[in-house]
Amino acid sequence: MSSPDKLRRALRLATAAALTLGLTACLRPLYGPTASGAPLAEVLAAVQIEPVANQPNIANQERLGHYLRSELTYDLNGSGQPTPKSYKLAITAYGLPTLPLTDSTTGRADAVTLNGSATYTLSEIDNGKVITTGRAVGFATYDRNPQRFAAVRAARDAEIRLGKMLAEQNKIRLATVLATNRTP
């Protein structure tokens, strides 16, 4: 290897090292200490979850809202210990079934996709200042069965899966915002 090739190679290596070291300050672990210094688990436990409102003019949304709130309550404060609340989370959710597959001989839907959405607003309890708003979306598919109770149970399982999915998305988004928030 000639001297100019060695010099170019060393220069490339030095440039890559400088860029890598420059980016290390940009990354911060999500579940480490927050910007205020408190552990993220404590900050998430300080979120008071309001009862989930349902989208108007869409029937049978109460169960999805119940599953979403239950999962989110457990995800944010799974300890079960009462903690002082600093934030309030208001959620509006809906789940709307669509019938993607239909049996051509019987005319019955073989599978159903439950599309869901949860719009949320996180605000401070003391002054009502809105910290973040957002929307989580997801879907769960289930097979319809000619047996009535099996079809009802499959639909309920899909609502539970959709509630868990929306709760997980909300938790990650809230954790991301609260990790960088310097208040309470």
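The values are calculated or read from the model by the stated rules, or taken from the named source; none is laboratory data. What you see is a predicted model, and the numbers here were worked out from it, not measured in a lab. When we count neighbours, we look across all protein chains shown, and the Cβ atoms used for this are built from the backbone with ideal geometry, even at glycine.
Identify, please: which residue in region 81-109 is part of a strand (DSSP E or B), of a type in the set (Ser, Thr, Tyr) and in contact (Cβ under 8 Å) with a residue 24 or more places away in the chain and is, among those, surrounded by the fewest Cβ atoms within 10 Å (Cβ to Cβ)?
Keep residues of region 81-109 that are part of a strand (DSSP E or B), which gives 87-102, 109.
Next cut, of a type in the set (Ser, Thr, Tyr) only: 87, 92, 94, 98, 102.
Now restrict to residues that are in contact (Cβ under 8 Å) with a residue 24 or more places away in the chain: 87, 92, 94.
Working: TYR87: 24, THR92: 17, TYR94: 19.
Within region 81-109, the match that is surrounded by the fewest Cβ atoms within 10 Å (Cβ to Cβ) is THR92.
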- line: Restricting region 116-164 to residues that are within 19 Å of TYR67 (Cβ to Cβ) and β-branched (Val, Ile, Thr), the one farthest from the chain's Cα centre (by Cα) turns out to be VAL152
query: Inside region 92-107, can you point out the residues that are among the hydrophobic types (A, V, I, L, M, F, W, C) and out of contact with any Asp or Glu (no Cβ under 7 Å at 6 or more places or on another chain)?
result: ALA93, LEU96, LEU99
Residue in region 119-135 that is of a type in the set (A, V, I, L, M) and in contact with a helix residue (DSSP H, G or I) (Cβ under 7 Å, 6 or more places away or on another chain) present: yes
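Any residue at all in region 53-63 that's in contact with a Lys or Arg (Cβ under 9 Å, 6 or more places away or on another chain), surrounded by 11 or more Cβ atoms within 10 Å (Cβ to Cβ), modelled with pLDDT of 80 or more and assigned to a loop (DSSP other than H, G, I, E, B)?
Step one: of region 53-63, the residues in contact with a Lys or Arg (Cβ under 9 Å, 6 or more places away or on another chain) are 63.
When the remaining residues are screened for being surrounded by 11 or more Cβ atoms within 10 Å (Cβ to Cβ), the result is 63.
Subsequent filtering for residues that are modelled with pLDDT of 80 or more retains 63.
Adding the requirement that they be assigned to a loop (DSSP other than H, G, I, E, B) leaves none.
Looking through region 53-63, none of the residues is in contact with a Lys or Arg (Cβ under 9 Å, 6 or more places away or on another chain), surrounded by 11 or more Cβ atoms within 10 Å (Cβ to Cβ), modelled with pLDDT of 80 or more and assigned to a loop (DSSP other than H, G, I, E, B).
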